[in-house]
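For reference, the structure is listed below as structure tokens.
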Amino acid sequence: METWTSIDTALMLHQPVTAGTFKEAGTSQSAIKGTVGESISKGLVGSHMYAILGTAADEREPELRWVKLRNPWGYMVRAYVRDEGGKLKAVELNIRGTGAAPTRDYVKPESETQSVTALARQGLFWMELSDFVNRFSNIQTGVALMRQRR
């Protein structure tokens, strides 16, 4: 929760926020590799920076917190579906240009008005907070970046 609060506060102060993934973004590796051979796991690229654009608390499920990210590549995102037991399951959503998107019942924060596939076409996606914390090695805000330059 501390991570979510820190991100939310930085965004409310209009500070830029970025986050970088670990070298291996997960244990399930895609056959697709990044532009310079980076590993990809369920839509997340290893050793890759993402812009953080928002946060959301889900009114339907108060225990869920979300972080909105943008992959600078403009495609290749993580999405979520529910498994048979109702738990969130991360899946890869790779949409280039106006390509056809798989039809699935994707999960997103209630406050998001765009569909998951419409967001993905812009390189945008919502990531569940506990998943985010497990996959990202660092978070930088405008203040932290300024301190590093001094």
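Tabulated values for the structure
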{"quantity": "Residue check for Ser6: out of contact with any Gly (no Cβ under 6 Å at 6 or more places or on another chain) and either small (Gly, Ala, Ser) or modelled with pLDDT of 90 or more (or both)", "calculated": "yes"}
{"quantity": "Output for segment 9-38, where each listed residue is more than 15 Å from the chain's Cα centre (by Cα), modelled with pLDDT under 90 and buried (at least 18 other Cβ atoms within 10 Å of the Cβ)", "calculated": "Ser30"}
{"quantity": "Qualifying residue in segment 92-113 (condition: part of a strand (DSSP E or B), in contact with a Lys or Arg (Cβ under 9 Å, 6 or more places away or on another chain), surrounded by 12 or more Cβ atoms within 10 Å (Cβ to Cβ) and modelled with pLDDT under 95)", "calculated": "yes"}
{"quantity": "Verdict on Leu69 being more than 13 Å from the chain's Cα centre (by Cα) and either crowded, with 17+ Cβ neighbours inside 10 Å or at pLDDT 95 or above (or both)", "calculated": "no"}
{"quantity": "Among (1) surrounded by fewer than 20 Cβ atoms within 10 Å (Cβ to Cβ); (2) of a type in the set (A, V, I, L, M); (3) under 19 Å from Met12 (Cβ atoms); (4) modelled with pLDDT of 85 or more - the single one Met49 does not satisfy", "calculated": "(3)"}
{"quantity": "Close pairs (7 angstrom Cβ cut-off, 6 or more residues apart or separate chains): in contact (Cβ under 8 Å) with a residue 40 or more places away in the chain in segment 104-115, in a loop (DSSP other than H, G, I, E, B) and surrounded by 12 or more Cβ atoms within 10 Å (Cβ to Cβ) anywhere", "calculated": "Pro109/Asp58; Glu110/Asp58"}
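The values are calculated or read from the model by the stated rules, or taken from the named source; none is laboratory data. Source: prediction; values computed, not measured. Neighbour counts are summed over all protein chains in view; Cβ atoms, including those assigned to glycine, are modelled from backbone coordinates with ideal geometry.
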